[in-house]
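Colleague: Got a structure for you, written out below as structure tokens; questions coming shortly.
Each reported figure results from applying straightforward, stated rules to the coordinates on display, with no laboratory input. From a predicted model like this one, the values you see are computed outputs, not experimental measurements. Because the Cβ atoms are built from the backbone with ideal geometry, glycine has one as well, and the counts that use them run over all protein chains shown.
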Amino acid sequence: MWSSEHLREGDVYTRAELRALFAITDATINTGIFRPAGHDSIWLFITERKPVDRTPYADHLSGDVLAFDGQIAGRTDPLIIAHERRGLELLLFHRQHRGEFPGAGFRYEGRFRYVSHSGGQPTRFVAERVKAAAG
């Protein structure tokens with residue numbers, strides 16, 4: 001199942017709402033990169049201006065281009081790099097700062113696709129928005 005089929009671009013979702021909507025019990029939804037069980041989706045939770053007590057990942061959404069750091073240990077790097085080949089969608093939940101939306105929510109920005117990566121610990125990724133087909 002693709003999670004995107006049950007989400008609306010531009011809507012704001014809290015992690016609690018996403019847990020309820022998709023019956024998620026896995027605590028790793030609280031991380032920045034999450035793969036829900038039973039879904040062919042990878043969820044990216046991006047907060048650009050992080051609290052000082054969080055890992056200072058360098059993440060930025062500019063128009064249709066997302067530049068973000070992977071996890072320091074790199075365990076999810078292969079999943080992101082090969083998401084299209086594996087038939088997985090890459091979904092972005094984005095906010096400028098934790099208090100931007102009620103309940104520490106995120107705006108669902110839609111589907112993105114891997115473009116490139118460099119470095120390591122953490123790996124630096126670039127992804128671009130998947131445009132909806134005209135019709």
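Colleague: What residues qualify as long-range amide H neighbours of Ile33, i.e. H under 5 Å apart, gap of 5 or more or another chain, H built at 1.01 Å from N?
Modeller: Placed amide hydrogens put Phe45 under 5 Å from Ile33.
Colleague: Quick one: of the DSSP bridges fully inside the chain, what percent are antiparallel, nearest 5? Walk me through the numbers before you get to the answer.
Modeller: Values: 23 of 31 bridges.
Within the chain, antiparallel bridges account for around 75 percent of the total.
Colleague: Separation of segment 70-123 and segment 1-57 by C-alpha centroid, Å?
Modeller: Each part reduced to its Cα centre gives a spacing of 9 Å.
Colleague: Kirkwood Rh over alpha-carbon pairs of segment 14-135, then Stokes-Einstein at 10 °C and 1.306 mPa s: what D in µm² s⁻¹, rounded to an integer?
Modeller: Translational diffusion coefficient: 107 µm²/s.
Colleague: Check which residues have an amide H placed less than 5 Å from Leu90's amide H, if you skip close sequence neighbours.
Modeller: Here Ile42, Phe112 satisfy the definition.
Colleague: In whole Hz and in residue order, list the ³J(HN,Hα) couplings for segment 9-16 that follow from phi through the Karplus curve 6.51 cos²θ - 1.76 cosθ + 1.60, θ = phi - 60°; x for Gly and Pro.
Modeller: The phi angles translate into 4, x, 6, 9, 10, 8, 4, 4 Hz.
Colleague: Give a residue-ordered list of calculated ³J(HN,Hα) values for segment 41-56 (Karplus: 6.51 cos²θ - 1.76 cosθ + 1.60, θ = phi - 60°; whole Hz; x for Gly, Pro).
Modeller: Calculated HN-Hα couplings, in order: 9, 10, 9, 9, 9, 10, 10, 5, 9, 8, x, 5, 8, 9, 4, x Hz.
Colleague: Using a simple spin-label model with points 7 Å from Cα along the Cα→Cβ vector, what separation in nm is obtained for Thr28 and Gln121?
Modeller: Each label point lies 7 Å from its Cα, and together they span 2.2 nm.
Colleague: Beta carbons within 10 angstrom, averaged per residue: use that to sort the peptides 7-17, 104-114, highest first.
Modeller: My ranking of the peptides, most packed first, is 104-114, 7-17.
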